[in-house]
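Down below is the structure, laid out as structure tokens.
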Ligand code: AHR
């Protein structure tokens, strides 16, 4: 056993808690920068190998993540998106200016049918975000009918004419996005009334009824959760919430994705760990207004947001992704698991080439980011039963007056029956000695993967796409307790056997 100073983690494998909905590992793809066009969509006539216009290399990599859900078409873009412009022959679709993101031309090549091709190719659920800002209740209602109706209505027949006989499966439908900001600068009271109006007209066949999501607050603002949950008692399956991790905590100078010093490593850890208290505050309100837990709390945008890479369009939100991002992702997963009974969906922003991406592309090249690897390592947590974990004698990692807990842990019983444990070490300089007790299950050995690197900002480039990747990891038990040497700045996921 380790000497004094070790962290002691106890997993109660005999007391499974709520299931961690696989959609906690959801993704977000907005018409923003090269997130969709170039990054994923090249069109069916491209020389780039593709399926129905979607890049095969990117599809293949995303399939490994078992992407459960994709949110589309925004984000802020959703409140300026008119679905009728994205159906029918592509050559005839209107070309618009993407006034939200970069002022570039949007030729509507990716529309409803193309999006459903993507989710169907991935085997994912569809989360469609409706336009409340510049749209209307009628436009949203008709979109839903177009997508879901099995009838011979004019809209359903139009869908058939456009190549799709059977209805699309719309798992989730949201009414607007960030109504407090880009979605229309509304007050929570005003949006709440508009939500109730809109939801009333959103109809679909019973067997294809989406879950309806109201657009909620962000950061410290709990008024949206309060107002919506107190006043909407009908057709609201969840309230969304957005929180981005910014190293400096300031939107004007956010901090660089790479080349940062330790003060920005720790401030990033500190800021991302705020997710816990922010969820907690909102969940407290929901527990008061919705004690039977009918309404979910969906963190449908989160992730790191840095200054854009030099020389790139500032409206494209393109940023590198380093080991720090993988640690951020894992810390958030561990937080989300703790709220599995309310947080049944999250969507990292965003899937490809935008903000905290899984994949970066450069023309025909593609690389997997450290965040991708974190998602891949956590796949066993999708639809797993959360297990209670206590962390005793945890160290603190400090720089100056800023301090965060050194070790973060989470456990679950996977669908394969195995106990999975995820560990994160926030300290970029010191390893942590961790002793693990598993009550209610055997603990002989823990096997899985470790993600770490020599530098805090280690990252993959097109010249060196394999610089950061997971390696096999094993820890043995002594006296029935696993002894884990958790390297500095690391993410570990193991199956305990
Ligand atoms: O993810 C980028 C943007 O961040 C989204 O469009 C918006 O909802 C949020 O402000």
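The values are calculated or read from the model by the stated rules, or taken from the named source; none is laboratory data. It should be emphasised that the depicted structure is a prediction, and the values quoted were computed from it without experimental measurement. Virtual Cβ from ideal backbone geometry, glycine too; neighbours counted across all protein chains shown.
Some observations on this one:
- Of everything in the range 66-79 that is over 15 Å from residue 125 (Cα atoms) and touching a residue at least 60 places away in the same chain (Cβ under 8 Å), the residue that is surrounded by the fewest Cβ atoms within 10 Å (Cβ to Cβ) is 76.
- Sole residue being buried (at least 17 other Cβ atoms within 10 Å of the Cβ) and under 21 Å from residue 267 (Cα atoms), chosen from 453, 446: 453
- Filter result (more than 24 Å from the chain's Cα centre (by Cα) and assigned to a helix (DSSP H, G or I)) within the range 277-293: 288, 289
- Restricting the range 370-384 to residues that are outside any helix (DSSP H, G or I) and more than 23 Å from residue 434 (Cα to Cα), the residue that is nearest to the chain's Cα centre (by Cα) is 382.
- Complete set of residues in the range 70-93 that are within 16 Å of the ligand (Cβ to nearest atom) and not in a helix (DSSP H, G or I): 70, 71, 72, 73, 74, 75, 81
- The single residue among 137, 162, 107 that is under 25 Å from residue 57 (Cα atoms), more than 25 Å from the chain's Cα centre (by Cα) and modelled with pLDDT of 95 or more turns out to be 107.
- So residue 355, is it assigned by TED's automatic domain parsing to the domain that holds residue 268, in a strand (DSSP E or B) and over 27 Å from residue 17 (Cβ atoms): no
- Apart from one condition, residue 103 fits all of (1) crowded, with 17+ Cβ neighbours inside 10 Å; (2) in contact with a strand residue (DSSP E or B) (Cβ under 9 Å, 6 or more places away or on another chain); (3) in a loop (DSSP other than H, G, I, E, B); the exception is (1).
- Set side by side, the residues 479, 440, 444 differ, and just one is more than 19 Å from residue 14 (Cβ to Cβ) and at pLDDT below 95, which is 479.
- Index of the failed condition, residue 451 passing every other in (1) under 26 Å from the mean Cα position of the chain (by Cα); (2) modelled with pLDDT under 95: (2)
- Applying the set (1) touching a helix residue (DSSP H, G or I) at 6+ places or on another chain (Cβ under 7 Å); (2) part of a strand (DSSP E or B) to residue 494 leaves exactly one unmet item: (1).
- When residue 398 is tested against the conditions (1) part of a strand (DSSP E or B); (2) crowded, with 24+ Cβ neighbours inside 10 Å; (3) more than 16 Å from the ligand (Cβ to nearest atom), the lone failure is (2).
- Residues of the range 18-47 classified as more than 16 Å from the ligand (Cβ to nearest atom) and under 27 Å from the mean Cα position of the chain (by Cα), total: 12
- Out of 15, 63, one residue alone is away from the ligand (no atom under 16 Å from the Cβ), outside any loop (DSSP other than H, G, I, E, B) and touching a residue at least 60 places away in the same chain (Cβ under 8 Å). It is 63.
- Test for residue 386: is it in contact with a strand residue (DSSP E or B) (Cβ under 6 Å, 6 or more places away or on another chain) and farther than 19 Å from residue 329 by Cβ: no
- One residue stands out in the range 295-311 among those that are more than 15 Å from the ligand (Cβ to nearest atom) and over 21 Å from residue 71 (Cα atoms): the one that is surrounded by the most Cβ atoms within 10 Å (Cβ to Cβ), namely 309.
- Pair list, Cβ under 6 Å, 6 or more apart: the range 42-53 residue not assigned by TED's automatic domain parsing to the domain that holds residue 91, other residue at pLDDT 95 or above and in a loop (DSSP other than H, G, I, E, B): none
- If only residues of the range 462-485 that are out of contact with any helix residue (DSSP H, G or I) (no Cβ under 7 Å at 6 or more places or on another chain) and part of a loop (DSSP other than H, G, I, E, B) are counted, the one that is surrounded by the most Cβ atoms within 10 Å (Cβ to Cβ) is 467.
- Qualifying positions in the range 26-44 - within 23 Å of residue 91 (Cβ to Cβ) and not in a loop (DSSP other than H, G, I, E, B): 37, 41
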